[in-house]
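J.: Pasting a structure here, questions to come.
The values are calculated or read from the model by the stated rules, or taken from the named source; none is laboratory data. Model, not experiment: these values are computed from the prediction. A quick note on method: Cβ atoms are made from the backbone with ideal geometry, for glycine too, and the neighbour counts reach across all protein chains shown.
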Amino acid sequence: MAKASKRKARGEESEPSVTVADSGNAAASNGGTAISGVVNTLNVQQRALPEPTPWPHQVGVIPSPARSFQHRAEVDRLRTAVEGSGTAVLSQVLTGMGGVGKTQLAADYARAAWDDGGLDVLVWVTASAQSPVVAAYAQAGAELCRADPADPEQAAKKFLAWLTPKAGQRPCRWLIVLDDVADPNDLVVHPDDPGNRYSLWPPASSYGRTLITTRRRDSALFGEGRRRIEVGLFTPAESAAYLTAALAAQGRSEPADQLAALAQDLGDLPLALAQAAAYLVDSGETPAAYRALLADRATKLADLTPDALPDEQAAALAAAWSLSVERADTLRPAGLAQPMLHLAALLDANGIPQDVLTSRIARLYLAASDPRRAQRPKWWHFRRRLSLAAVTPEEAFGALRALDRLSLIDHQPDSPHQAVRIHQLIQRATRDTLSPERHDQVARVSAYALMSAWPEIERDTDLAQALRANTEALTHHAEAALYQPKVHLLLHRFGRSLGESGQITAAVDHLIRLADIARSRLGPDHLDTLSAVGDLAMLRRLAGDRAGAARGFAEVLDSIVRALGEDHPYSLVTRNNLASMWGELGDAAGAAQALAELLPHQVRVLGEDHPSTLTTRNNLALMRGRAGDAPGAVQALAELLPDRIRVLGADHPDTLTNRGNHALMRGQAGDAPGAAQALANLLTDRIRVLGSDHPDTLTNRGNHAHWLGEAGDPAGAAQALVGLLADRTRVLGADHHLTLATRDNLAYWRERAELSAGNPGTDHS
């Protein structure tokens, strides 16, 4: 006879009952993401891990070739695979000041290596900060070695380990380009935590090559086995050859002495020469006439000197930039190039999504900046002006083409997530023309433009990463503007996106900083401050720290009641969240009592059909069921469901949650078969609406397995949990509290299945 099992059955997994709501509900008008009782967790959308992508494979976008790319001595040195001493070159570092063409040299090297067929894998990384490096490695890991993109750091580690040749495996010939490293410390993750510290430098391998471009000259960049290549200005001969080739491509020939003099005026700076060549080609001016314009403009712009350049080059670039912008603004659609450049100057130099710069909010700004379209000189009223002559998406696109035509940006429409690249010195020159007031106004327009392009559910991970990179760039250039007169919604969306992408530590750090700044600028009781604290509490709940989440909601509630009163919508919503957290911590009776006291206040203030009121009814029924009144909970949830469908629709996540809780309470009330069948029906709808890896879908699968076992099919429960455990490990990680609970449940139902089959199994006494 089988021994009686002493393992205790684990209860079903809870349906989520609190969250941070989207920015569109009642509290959003106050600034931040509102704290709400709407049941809807962070949308972690993960795909099933595909088979590794076959070689050859490229990750990242190589910048397009510059017009009339100039062959230089550095090109030959880059392609020399062995030093004079016979040592193989595995890592090379291109260093030099801005505007000398480091990125173009790296791009030429990468394209040549790829076209020659000597590479299996090419990874181009924009390395201006640590997060895009980790994200690029994580993408490579997901595509090449089945790493889980839900955990970017682990995926990045797996990719770096994969680069090292393994015995018995086909070696991979790879090239990794880290373009524009701004700080060597960005290539070390968790430097102060020896247990988690790791380097983002690719490993030394006889099959691999690493190329870095940077303005920095820190010793940390030039260790053993890394060849340093200094990139300077063009030589006079290279400058003359560049200008000659650029003009010859358009059928023009100019006197050599005039081209040499123009190159000297521009200090042989490649970036300034590119501006001049584009201007000469587009305008038809002679070099002599352009030199006269340049000299006059340089005198007028004596104070406009971009950083990272000697005085002569700075003045020359500023003058060339000014003439090019002026020329671009005359091209059709006239008057739109310069304001478009304003927007690009505050975003990510390494890639701006086209949809951001052609969004409705961006086009309104373009229209308001064009005096022929906007009568009123103060353009910042444009959101209220209905008389503005509209700028169409086609005209916004035309403004990008005009800037590209004058070499002010690199516009690649075929790469929509990184359609616009712009040199940092051009960004700096553009920002320096903006008054402090205009600078802040452009920053807020840019923030709204990013928000307009940000999807509610991040199914496109490349787009999400590009939007995060642009938000980081905007924050770097104009953080103060995003806290005036209140916290911009973009900062809350950025934190949520970090959480959705699995970067929990980064999300927590961002929200702590957001809360601290909001507290110092706006005060501890401002709704934006409280929203940030509420966001942080919800993030802690999702990470499994329910006690920390409860403390966060309690802090928010005390502040809201003190500042705004007990009947403020924030107060009511936060009371729901806090009470629900008490229930999740084990005090279901106390939670039910608190929610019962809350419900009449919500009905009076918000109304019977308000989503938060409906959520409180849901949570009250759920907590009463957990406290022992399962039949009453079944009835209350059944009565609530028609109201949910009427107000929100049958496919709304809250409605689906209502159905899930109703099924759970049916099981608690003794109808295990009915619960299992209801959860099976619900699972189909959740996969259709939310996706197979959404947290609610995974919870549904766990609950279905539990009640399947309670209905008399322990083997079926165990089988269902095997698949769930694999998916939870992939999506959430092996150490997540829900993954651990699934593992325990699997062991329990396997033991029950063995006992049912008459197998003595293992004595767990």
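J.: Spot the failing condition for residue 491; the list is (1) part of a helix (DSSP H, G or I); (2) surrounded by fewer than 24 Cβ atoms within 10 Å (Cβ to Cβ), and only one is missed.
T.: Unmet condition: (2).
J.: Right, here's the next one. Keeping to the range 202-234, report how many residues are of a type in the set (A, V, I, L, M), in a strand (DSSP E or B) and within 20 Å of residue 129 (Cα to Cα).
T.: Counting residues in the range 202-234 that are of a type in the set (A, V, I, L, M), in a strand (DSSP E or B) and within 20 Å of residue 129 (Cα to Cα) gives 2.
J.: Say whether the condition of being within 34 Å of the chain's Cα centre (by Cα), closer than 25 Å to residue 660 by Cβ and either modelled with pLDDT of 90 or more or surrounded by fewer than 24 Cβ atoms within 10 Å (Cβ to Cβ) (or both) is met by at least one residue in the range 600-610.
T.: Taking every residue of the range 600-610 in turn, at least one turns out to be within 34 Å of the chain's Cα centre (by Cα), closer than 25 Å to residue 660 by Cβ and either modelled with pLDDT of 90 or more or surrounded by fewer than 24 Cβ atoms within 10 Å (Cβ to Cβ) (or both).
J.: Another one. Output the number of the condition that residue 251 fails; it satisfies all remaining conditions of (1) part of a loop (DSSP other than H, G, I, E, B); (2) of a type outside the set (A, V, I, L, M); (3) under 11 Å from residue 70 (Cα atoms).
T.: (3)
J.: Quick check on the range 107-114. Is at least one of its residues assigned to a loop (DSSP other than H, G, I, E, B) and closer than 16 Å to residue 213 by Cα?
T.: Within the range 107-114, none of the residues are assigned to a loop (DSSP other than H, G, I, E, B) and closer than 16 Å to residue 213 by Cα.
J.: Taking the options 433, 471, name whichever one is in a loop (DSSP other than H, G, I, E, B), buried (at least 18 other Cβ atoms within 10 Å of the Cβ) and at negative phi.
T.: 433
J.: Does the range 81-116 hold any residues that are loosely packed, with under 13 Cβ neighbours inside 10 Å and either modelled with pLDDT of 80 or more or in contact with a helix residue (DSSP H, G or I) (Cβ under 7 Å, 6 or more places away or on another chain) (or both), and which are they?
T.: Correct list: 115, 116.
J.: Continuing with the same structure: From the set of residues in the range 247-285 that are within 42 Å of the chain's Cα centre (by Cα) and of a type outside the set (A, V, I, L, M), which is surrounded by the most Cβ atoms within 10 Å (Cβ to Cβ)?
T.: Residue satisfying both the conditions and the ranking: 275.
J.: Take the residues of the range 135-183 that are on the phi > 0 side of the Ramachandran plot and not acidic (Asp, Glu): which is surrounded by the fewest Cβ atoms within 10 Å (Cβ to Cβ)?
T.: Result: 168.
J.: May I pose another question? Looking at the range 541-577, which of the residues that are assigned to a helix (DSSP H, G or I) and of a type in the set (Asp, Glu) is surrounded by the fewest Cβ atoms within 10 Å (Cβ to Cβ)?
T.: My answer is 558.
J.: Can you report the number of residues in the range 649-688 which are among the basic types (Lys, Arg) and in contact with a Gly (Cβ under 7 Å, 6 or more places away or on another chain)?
T.: 1
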